[in-house]
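One structure follows; several queries about it will come next.
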Amino acid sequence: MILDTPAPIETHPLRLDDVPVPAPAADEVLIRVHACGVCRTDLHVIEGDLAVRRAPIIPGHQVVGVVEALGAAVTELAVGERVGVAWLHRTCGCCSFCTSHRENLCDTPQFTGWTVQGGFAECLVAPASFTYPLPDGFTDLQAAPLLCAGIIGYRCLRKTGIDDWAGARLGLYGFGAAGHVAIQIARARGAEVYVCTRDRDKHQALAEELGATWTGGTTEAPPVLLDAGIIFAPAGEIVPPALSHLDKGGTLVLGGIHMSAVPTFPYELLYHERVVCSVANNTREDGHAFLKEAAEVPVCTHIETFPLEDANTALDRLQHDGIRGAAVLTV
Ligand SMILES: [Zn+2]
Ligand SMILES: [Zn+2]
């Protein structure tokens, strides 16, 4: 499914076409795609919220598939192995960020489905060192949303600064693919989770099913002050109310790659050492640690599946808040 030019998803800008099977470079593998998750970042690429970095582009960065061919220098993977591919496609390995355990902030990164061809396809190539062997407990379809929604949600949990999770009070704002995985990790660690999101029947109901202590509207105040909050919704106007829900010293983590403008707010909302921080991409260490913990919990993803050729429909549904849990394309 190929995007030529960014356009509103309502116009169904992805087109189905045949392209040559890519050849893996020396350090890459060719992967036969079985499933690919649909992420809000795909919408940002398709609608032009993120600048065009390659055109035409095949979006998709939550890929589950099987290694079909190895580049000449690849020794760590074997043909037939099941792997996942995530958003961070490759880093330079030598900038000041890469050499200080912050490869998520690399100066010259490549991103799957934005700067290089992604997984809304039958095949893709990826560096062997940036693929993730997947735990056996997950089917291909269930594993797909773990590769961005899951990993980024995990990094958001890490950035809350909470060390002692037992009894910690965590707020989640927006409850889509990332939220529905993050709550399962946080609950398994012993946290109380307060979920602020729209749609009583779809999102709030799923949050309650997954163990939320309380659910309410997007900016509704939870009944207690929170140790930390994570905003998954791409809406900057949630920042001031979410700050007002934090206890002293609490952290508000912004999980999206793109967000509408954050309105001005009184300094009192930030005072008492409250912190606002964003999350950019993930390190490979985040990915491996998350997949291990997700298998231990075990996380159960709630998915809606669509055939690859219905990618436009799946994205349109995501844009209009119509997905319960995560959308996954089957290939
Ligand atoms: Zn770098
Ligand atoms: Zn994503």
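Every number in this text was worked out from the coordinates using simple rules, so none of it is lab data. Small disclaimer: the values here were computed from a predicted structure and weren't measured. With ideal geometry, Cβ positions are generated from the backbone for all residues, glycine too; neighbour counts draw on all protein chains shown.
What full-extension length gain, to one decimal in nm, is calculated for A7 and E309 as 0.36 nm per residue of separation minus the Cα-Cα distance?
So the extension gain works out to 107.0 nm.
When ranked by the protection proxy of mean other Cβ atoms within 10 Å per residue, highest first, what sequence do the peptides 136-142, 39-45, 70-76 form?
39-45, 136-142, 70-76
Based on other C-beta atoms within 10 Å, arrange H302, H180 from fewest to most.
Ranked by crowding around the Cβ, least crowded first: H302, H180.
Relative contact order, percent, of the chain when contacts are C-alpha pairs under 8 Å separated by at least 6 residues?
Computed value for the chain: 19 percent relative contact order.
Only four residue types carry charge here, +1 at the Cβ of Lys and Arg and -1 at the Cβ of Asp and Glu. Report the dipole size of the stretch 125-184 about the Cα centre in Debye, rounded to the nearest 20.
Result for the stretch 125-184 is approximately 240 debye, rounded to the nearest 20.
Determine the shape class of the chain: with a ≥ b ≥ c the square roots of the Cα gyration tensor eigenvalues, call it rounded for a/c under 1.5, and otherwise prolate if a/b is greater than b/c, oblate otherwise.
Numbers: a/c = 1.67, a/b = 1.53, b/c = 1.09.
Prolate, since a/c reaches 1.5 and a/b exceeds b/c.
May I ask you to evaluate 6.51 cos²θ - 1.76 cosθ + 1.60, the Karplus curve with θ = phi - 60°, for each residue of the stretch 273-280 and list the ³J(HN,Hα) values in order in whole Hz, giving x for glycine and proline?
Per-residue couplings from phi come out as 6, 6, 10, 10, 9, 9, 10, 10 Hz.
Here is a follow-up. Pull up all non-local amide H partners of G171: gap of 5 or more, or a different chain, and H-to-H distance under 5 Å with H placed in the peptide plane.
So G171 has HN proximity to Y194, A228, G229, I230.
Hey, what did the stretch 1-133 get for relative contact order, percent, Cα under 8 Å, at least 6 apart?
31 percent
Under 5 Å between amide H atoms, partner at least 5 residues away or on a different chain: which partners does E304 have, H built in plane at 1.01 Å?
Those lying under 5 Å, H to H, from E304 are A326, A327, V328.
In debye, nearest 20, what is the charge dipole magnitude of the chain about its Cα centre with +1 on Lys and Arg Cβ and -1 on Asp and Glu Cβ, if you could check?
It comes to approximately 480 debye.
Sticking with this structure for a sec: Compute the Cα gyration tensor for the stretch 232-331, then decide on rounded, prolate or oblate, letting a ≥ b ≥ c be the square roots of its eigenvalues: rounded whenever a/c is under 1.5, prolate when a/b is larger than b/c in the other cases, and oblate in all that remain. Present the calculation step by step, with values, prior to reporting the outcome.
Values: a/c = 2.71, a/b = 1.58, b/c = 1.72.
Oblate, since a/c reaches 1.5 and b/c is not below a/b.
Same structure, new question: As I understand it, the value is the acute angle between the Cα axis of helix 149-159 and the longest principal axis of the Cα atoms of the chain; what does it come to in degrees, rounded to 10?
Tilt of helix 149-159: around 50 degrees.
Let me ask something else about it. In degrees between 0 and 90, to the nearest 10, how far off the longest principal axis of the chain does helix 284-296 point, with axes built from Cα atoms?
70 degrees
With the crude spin-label approximation of a point 7 Å out along Cα→Cβ, what separation in nm comes out for E81 versus D18?
3.2 nm
Can I ask one more? Tell me which of A166, Q184, L270 sits at the most positive position along the dipole axis of the stretch 146-285, charges placed on C-beta atoms (Lys, Arg +1; Asp, Glu -1).
Of the options given, the answer is Q184.
Quick one: which residues, 5+ away or cross-chain, put their amide H under 5 Å from the amide H of C123? H built at 1.01 Å from N.
Answer set, sorted by chain and number: V33.
Something else about it: Quick check: pseudo-label points 7 Å beyond the Cα along Cα→Cβ at C94 and T139, how many nm apart are they?
Inter-label distance under the simple model: 4.6 nm.
Okay, next question. Using a cut-off of 11 Å between beta-carbons, work out the net charge of the residues near E10 (Lys and Arg +1, Asp and Glu -1, E10 not included).
Within the 11 Å Cβ shell, the charges total -2.
How much length, in nm to one decimal, is gained on full extension between V297 and D27, taken as 0.36 nm per residue of separation minus their Cα-Cα distance?
93.9 nm
Could I ask something else about it? Return one number: the angle in degrees, 0 to 90 and rounded to the nearest 10, between the long axis of the Cα atoms of helix 177-188 and the longest principal axis of the Cα atoms of the chain.
Relative to the chain, helix 177-188 is tipped by roughly 60 degrees.
Now for a separate question. Mind checking which lysines have their Cα closer than 20 Å to the Cα of K248? Skip sequence neighbours fewer than 8 apart in that chain.
K159
Once you place label points 7 Å from the Cα toward the Cβ at H288 and V224, how far apart are they in nm?
Label at H288, label at V224, 3.6 nm between them.
Same structure again: Counting helices only, and only those DSSP H runs with n ≥ 4, report the 222 nm mean residue ellipticity of the chain as the sum of -39,500 (n - 2.57) divided by its residues, in deg cm²/dmol to the nearest 500. Intermediate results must be reported in sequence, preceding the final value.
Working: 8 runs with 68 residues, N = 331.
My calculation for the chain gives -5500 deg cm²/dmol from helical runs alone.
Could you tally the net charge around V74, taking each other residue with its Cβ under 9 Å from the Cβ of V74, Lys/Arg +1 and Asp/Glu -1?
Spelling it out: positives minus negatives among the neighbours equals -3.
Let's see if you can work this out: charge +1 on each Lys and Arg Cβ, -1 on each Asp and Glu Cβ, no other charges. What is the dipole magnitude of the stretch 130-268 about its Cα centre, in debye to the nearest 20?
The calculation lands at about 200 debye.
Which distance in Å, rounded to a whole number, links the C-alpha centroids of the stretch 28-84 and the stretch 276-313?
The stretch 28-84 and the stretch 276-313 have Cα centres separated by 14 Å.
Please list 3J(HN,Hα) in residue order for the stretch 244-256, calculated via the Karplus relation 6.51 cos²θ - 1.76 cosθ + 1.60 where θ = phi - 60°; whole Hz, with x for glycine and proline.
5, 8, 7, 6, 4, x, x, 10, 10, 9, 9, x, x
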